[in-house]
Amino acid sequence: MLSRALKSSSHSLSRSLQASIRSRGQTYATTTEGPKFKEEGFSSSVWTFALVAVVGTLALAKHADYVTEGGEKEHPLTTYLREGMPEEGKLKSNEAKHLKETERAAKLNLLQANHQSAKMHLMVYPEKMDLANPFMVPVGSQVDMSDVKVRTDWR
């Protein structure tokens, strides 16, 4: 019964896979049919854009040479960019301020990196603190010697 159910499910699976392949329009490597592409030549749009880019670059170069009068004057684009830039003194002061802040941060990082916290000594047997030193105990202070009789005769 189980084998019959597995056979029917695998059969329906293969049928659905074949249907999905047909619906997507996929072809196998052995078939001669395939997607049709346009013929490409020197009349395609890529070559047109390349020709326009080359002609535009040459025109801009000639225009720049004309504007600067053969390199004797400064180009207007350079002048415009220079006006938008901040002054050199202001840039150097900003750099110096940033350098000082960076040095301060580096010193703080170095201080934190070299910092070592105090070592913790955990006592294994804290009850040892309540015990007295055995070498400082006077003789007889720990033993009840009230019933001891001293012998005076030795034989």
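Where a number appears in this text, it was derived from the coordinates with a stated rule and is not lab data. Note that the structure is predicted; figures quoted are calculated from it, not measured. Heads up, the Cβs are rebuilt from the backbone with ideal geometry, glycines too, and the neighbour counts pull from every protein chain shown.
Structure above, values below:
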| item | result |
| --- | --- |
| Largest to smallest principal axis extent of the C-alpha atoms in the range 45-100, angstrom | 56, 32, 13 |
| Proximal aspartates and glutamates relative to Lys107, as straight alpha-carbon distance under 19 Å, when same-chain residues fewer than 8 apart are discounted | Glu95 |
| Sorted by Cβ density within 10 Å, fewest first, the residues Glu72, Glu40 | Glu72, Glu40 |
| Derived scalar couplings ³J(HN,Hα) [the range 97-106; Karplus, 6.51 cos²θ - 1.76 cosθ + 1.60; whole Hz; x for Gly, Pro] | 5, 5, 5, 5, 5, 5, 5, 5, 5, 5 |
| Residue order, fewest to most beta carbons within 10 Å, for Lys149, Lys90 | Lys149, Lys90 |
| Glu83 versus Glu103: modelled label distance in nm, points set 7 Å from Cα along the beta carbon direction | 3.9 |
